[in-house]
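Written below as structure tokens is the structure these notes are about.
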Amino acid sequence: MRSGDLLLIAFWTSVALAVGLYLAYGGLSSVASPSSLIDAVGITAGLIGTNLILVMLLIAARIPIIDRAVGQDVAMAFHRRLGKPALYLLLAHFALLTVGWAMADGQSVVVETVTMFTTPDMAFAYLGLGLLIVVVVSSLVAVRRRFPYEAWHAIHLLSYAAVLVAVPHQLSVGGVLAEGTWQRTYWIILYVLAFAAVACFRFAVPIVRSFRHGIRVAGIENVATGVYSIHLTGRDLDHLRINGGQYAIWRFWSAGTWWHAHPISFSAVPTDTSARITVRELGAGTARLSRLRPGTPVSIEGPYGVFTDVTRTSPHLAIIAAGIGVTPARALLEHSSLAPGEATLLLRGTDENQNYLWDETIALATASRGQAYTMTGRRPANLDTWMSADDYRRGVTLGSTFPDLASSDLYICGPQAWSDLVVADAQAAGLRDEQIHVERFDW
């Protein structure tokens, strides 16, 4: 059983425990009428929805064990999938309780809603629900694309406030979490774990780590048009225990960049005193990084990612990288202890202007007598393929490029849509999921 499966089991166990404790403490014993049945269903929906929200906070806390098990990209994809169900359950919780209480009190839903607003702590509960609606709506792809990342991230921070302001009504209204019950203990522990994990791994650890290593910009090296390497210096950087292929979340403390954090891969394995990351300009935020001055302080969160040789399951190594995706591929090759002929590399670019770090990466692959290939050219029009038009017409396949594909772990890094096409071909060729490794930064 894989670590990711164990995490999924733990998630469903927490949901079952939340419902089970409610039932164990007489959740259904009070059901004696239609209104009390509606109340019970509403309470159950609220407990499950709140449990999902707290699990989402744990997933987003960047806990090392979760990152090592599945990677932040997979974890955050799961986090996003939980958002809508959690909101729908909480909306159902409010709607069902309002209807149930209105039926029990013999008054209209409107009057009952006004009455609930005047109940101690319920106004905060409504505020929390409103904040969650804002967060979930802003996270919809169509809406999120309209916001700069910084604005979206600031809105997303409201989720912490939404959870906190809803706590009082859980403890004071309805007696569901009565004092002295295991149910109340469970929820207090879950809240403490969620917020302690966020405080520790999102704030305390990065702050301590950044001060300890004293990372600063040493210089900027132009690689190609719109692409540059940032050379960094610091203390005991090898103590970060970075595996080739990993990335970190960087914050550069200059006047124009301090408010924007960037997930960027290491393009070389760090030494004791130096590190290198390579950046492609994708917007105003990354463009400003090219103007950083030597000596600029840098803070780091990480390292993160499972795009490393630690996750390998097969005797051969196959790497295919496109564009700036070459950076983790290069570091992966540098960090791997390769037997002669063990590695095969394919570098993909639209044109010769996209051969970022190709010479370095090819040299690392061939140093152990591995094979290295390049593929340059645009994809054929109206065809879903990751290959260039010329290679597609010549009948090139993953199997012909990587003769040992069936006994290889395939590492893929490049634009999302392009990577998805490579993954589809790899699955069609018979590779198991555990043989395919993709790191995404679009979360």
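No value in this document is a laboratory result; all are computed from the given coordinates. For clarity, every value in this text was computed on a predicted model and none was experimentally measured. Glycine gets a Cβ as well: all are built from the backbone with ideal geometry, and neighbour counts include every protein chain shown.
Taking R0 as 51 Å, what FRET efficiency do you get between residue 205 and residue 383 from their Cβ-Cβ distance, rounded to the nearest 0.05? Spell out each step's value before the answer.
Values: r = 46 Å, r/R0 = 0.91.
Computed FRET efficiency for residue 205 and residue 383 comes out at 0.65.
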- line: Distance in nm between residue 172 and residue 273 label points, each 7 Å along Cα→Cβ, equals 6.0 nm
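Tell me the mean residue ellipticity at 222 nm calculated for the chain from its helices only (DSSP H runs of n ≥ 4, each -39500 (n - 2.57), averaged over every residue, nearest 500). Before the final figure, lay out each step's value.
Working: 17 runs with 217 residues, N = 443.
Taken over the chain, the calculation gives -15500 deg cm²/dmol.
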C-alpha long axis of helix 34-60 to longest principal axis of the chain, angle in °: 30 degrees
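Using Cβ contacts closer than 10 Å as the measure, can you line up 239, 262, 231 from fewest to most? Can you show the working numbers first?
Values: 239 12, 262 19, 231 16.
Fewest-to-most ranking of 239, 262, 231: 239, 231, 262.
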- prompt: Once you wrap a convex hull around the alpha carbon atoms of the stretch 314-443, what is its projected area averaged over all directions, in nm²?
  reply: 7.7 nm²
query: For the stretch 67-107, list residues with backbone N below 17 Å from a point placed 7 Å from the Cα of residue 41 toward its Cβ?
result: 88-104
19 Å cut-off, amide nitrogen to a point 7 angstrom out along residue 80 Cα→Cβ, residues in the stretch 283-304: 283
- prompt: How large is ³J(HN,Hα), in whole Hz, for each residue of the stretch 203-210 in order, when computed from phi with the Karplus curve 6.51 cos²θ - 1.76 cosθ + 1.60 and θ = phi - 60°, using x for Gly and Pro?
  reply: 10, 4, 4, x, 5, 4, 5, 5
- prompt: With labels modelled as points extended 7 Å from the Cα through the Cβ direction, what inter-label distance (nm, one decimal) is found for residue 367 paired with residue 121?
  reply: 6.1 nm
In Hz, Karplus ³J(HN,Hα) per residue of the stretch 417-431 (6.51, -1.76, 1.60; θ = phi - 60°; x = Gly, Pro): 4, 5, 4, 4, 5, 5, 4, 4, 5, 5, 5, 5, 7, x, 6
Answer label, with volume of the Cα convex hull per residue in Å³ calculated from the coordinates and candidates (i) 204; (ii) 158; (iii) 174: (iii)
- line: Karplus ³J(HN,Hα) for the stretch 98-105 (6.51 cos²θ - 1.76 cosθ + 1.60, θ = phi - 60°; Hz, whole; x = Gly/Pro) runs 4, 5, x, 5, 5, 5, 5, 8
query: Once you put a point 7 Å from the Cα of residue 181 and another 7 Å from the Cα of residue 351, both along the Cβ direction, what distance in nm separates them?
result: 6.8 nm
